[in-house]
């Protein structure tokens with residue numbers, strides 16, 4: 001059974017970064033987001049962080065924290081569960 005937060009994050013990534021040739025289901029849960037198969041760069045990461053902060057009611061305060069949170073979809077989901085507004089997270 002898939003994790004609803006993982007699915008939401010994949011859709012958010014595709015829509016926020018306007019990834020025209022990629023479907024949310026094509027994004028693996030455990031592969032690197034930045035520098036991985038999606039070919040995301042630091043500008044993409046910044047766009048994604050801004051969207052995540054608005055969407056989930058959190059503040060990512062350092063580049064190290066951002067790098068850790070954006071390691072993969074699974075790492076991002078774990079980060080959001082630990083630091084995001086629980087009311088904004090999908091039910092599991």
Qualifying residue in the range 40-63 (condition: in a loop (DSSP other than H, G, I, E, B), exposed (fewer than 12 other Cβ atoms within 10 Å of the Cβ) and on the phi > 0 side of the Ramachandran plot): no
Those residues of the range 1-38 that are in a loop (DSSP other than H, G, I, E, B) and farther than 13 Å from residue 72 by Cα come to a total of 10
Spot the failing condition for residue 71; the list is (1) assigned to a helix (DSSP H, G or I); (2) within 10 Å of the chain's Cα centre (by Cα), and only one is missed. (1)
Unmet requirement for residue 75, which otherwise passes all of (1) in contact (Cβ under 8 Å) with a residue 12 or more places away in the chain; (2) within 13 Å of residue 6 (Cα to Cα): (1)
Across the range 74-92, what is the total count of residues that are surrounded by fewer than 18 Cβ atoms within 10 Å (Cβ to Cβ) and not in a helix (DSSP H, G or I)? 5
Whichever residue in the range 28-39 is in contact with a helix residue (DSSP H, G or I) (Cβ under 6 Å, 6 or more places away or on another chain) and under 15 Å from residue 6 (Cβ atoms) and, among such residues, is surrounded by the fewest Cβ atoms within 10 Å (Cβ to Cβ): 30
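Every number in this text was worked out from the coordinates using simple rules, so none of it is lab data. Keep in mind the model is a prediction, meaning the values are calculated, not measured. Every residue, glycine among them, receives a Cβ derived from its backbone with ideal geometry; neighbour counts consider all protein chains shown.
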